[in-house]
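Visitor: Shown below is the structure under consideration.
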Amino acid sequence: MPRISGVNIAESKRVEIGLSYIFGVGTARAKQILKTVGIKDNPKFSELNETEVDKIRKEVEKEPVETDLRQITQQNIRRLKEIGAYRGNRHIRNLPVHGQRTKTNARTKRGKKVTVGSGRKKAAEKT
């Protein structure tokens, strides 16, 4: 089981898909990594030898991924909050940042709100 950037990747996975398990590496970047390393036909990790895995590991480590990338993202959000930018205020209020509507959608971002109802008491509460 190869370990790249602190992520264990299953031997049975194809290289493109397995690399996308790493935060900051999607399928497009995985294809680019395979092209620069010189691996063709998108083999499974079990079919690669140790030198090819090391080449992939070195290529992935060239750019920020996993913890480094998460830290950079958090710093960017903190900076937006500190300077009082509109996007920072949306982060503070826990609302969507990129202009999505909030009247009917954005349930996951805002949280589930309990509706008030008609105000009429239920039969069990009347007595």
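Bear in mind these aren't lab numbers, they're just calculated from the coordinates by the rules spelled out. The model shown is predicted, which means the values in this text are computed figures rather than measured ones. Glycine gets a Cβ as well: all are built from the backbone with ideal geometry, and neighbour counts include every protein chain shown.
Visitor: Which net charge results when you count Lys and Arg as +1 and Asp and Glu as -1 among the other residues whose beta-carbon is under 14 Å from that of GLU59?
Guide: Every neighbour counted, the sum reads +2.
Visitor: Report, to two decimal places, the Cα Rg of region 3-60 normalised by 2.2 N^0.38 Å (N = number of residues).
Guide: Ratio of Rg to 2.2 N^0.38 Å for region 3-60: 0.95.
Visitor: A further question follows. Going toward the positive end of the dipole of the chain, with +1 on Lys and Arg Cβ and -1 on Asp and Glu Cβ, which of ILE4, PHE23, GLY84 do you reach last?
Guide: GLY84
Visitor: Calculate for the chain the 222 nm mean residue ellipticity that helices alone would give, adding -39,500 (n - 2.57) per DSSP H run of length 4 or more and normalising by residue count, nearest 500 deg cm²/dmol.
Guide: On the way: 7 runs with 59 residues, N = 127.
So the calculated ellipticity at 222 nm is -13000 deg cm²/dmol.
Visitor: Moving to a separate point now. Could you pull the Rg and Dmax for the chain, using just the Cα atoms, both in Å?
Guide: Taking only Cα atoms of the chain, I get Rg and Dmax of 23.3, 78 Å.
Visitor: Then there is this: Using only Cα atoms, what is the ratio of the radius of gyration of region 67-110 to 2.2 N^0.38 Å?
Guide: On the way: Rg = 11.7 Å, N = 44, 2.2 N^0.38 = 9.3 Å.
For region 67-110, the normalised Cα radius of gyration is 1.27.
Visitor: Under 16 Å Cα-Cα from LYS103, which lysines qualify once same-chain neighbours fewer than 8 residues away are excluded?
Guide: Those lysines meeting the cut-off are LYS112, LYS113.
Visitor: Taking a 24 Å limit on the Cα-Cα distance, which of the listed pairs LYS31/LYS81; LYS31/LYS109; LYS35/LYS58; LYS58/LYS81 fall beyond it?
Guide: LYS31/LYS81; LYS31/LYS109; LYS58/LYS81
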